[in-house]
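**Q** Quick one: the structure is below, and I'll ask about it shortly.
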Amino acid sequence: MKHIDCKNYIFLDCEKGMCALSKMMLPIDGKGSEACQRFVMAEKCGCCANFADCDEHGLGTCTGFEKQNWAYASCGAAGCEHFKMK
């Protein structure tokens, strides 16, 4: 897991973010991007029980609504009324 997958990660720009708990600046990837001990999985479509048929690009199908539609695994789902953590 990486910091970018944590519920406490705040995006600042395309290269870095900040931990809401420690206030440390963190890179999105590369050296220093590994998750810490305070990691909490963020609500994203990719970790939802209603996300299916994911391809190699992270594109899958949301089956949580009456009409199924495509969704990206990395899409934030904190406000989704049908989100169910796997």
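**Q** From the list Cys54, Cys47, which residue is touching a helix residue (DSSP H, G or I) at 6+ places or on another chain (Cβ under 9 Å) and buried (at least 16 other Cβ atoms within 10 Å of the Cβ)?
**A** Result of the check over Cys54, Cys47: Cys47.
**Q** Out of all the residues in region 1-59, which are basic (Lys, Arg), farther than 15 Å from Gly76 by Cα and in contact (Cβ under 8 Å) with a residue 12 or more places away in the chain?
**A** If the condition is that a residue be basic (Lys, Arg), farther than 15 Å from Gly76 by Cα and in contact (Cβ under 8 Å) with a residue 12 or more places away in the chain, then Lys2, Lys16, Arg38 are the ones that fit.
**Q** Considering only region 57-86, state which residues are open to solvent by 40 Å² or more (accessible area, probe 1.4 Å) and either among the polar types (S, T, N, Q) or on the phi > 0 side of the Ramachandran plot (or both).
**A** Across region 57-86, the qualifying residues are Thr63, Gln68, Asn69, Ser74.
**Q** What strands (runs of 3 or more DSSP E) lie completely within the chain and have 1 or more residues being among the aromatic types (Phe, Trp, Tyr) and modelled with pLDDT of 95 or more?
**A** Strands (runs of 3 or more DSSP E) meeting the threshold: 9-11, 69-72.
The values are calculated or read from the model by the stated rules, or taken from the named source; none is laboratory data. Keep in mind that what you see is a predicted model, and the values were worked out from it rather than measured. A quick note on method: Cβ atoms are made from the backbone with ideal geometry, for glycine too, and the neighbour counts reach across all protein chains shown. For accessibility, only protein heavy atoms count, side chains too; no ligands or nucleic acids. Shrake-Rupley method; radii C 1.70, N 1.55, O 1.52, S 1.80 Å.
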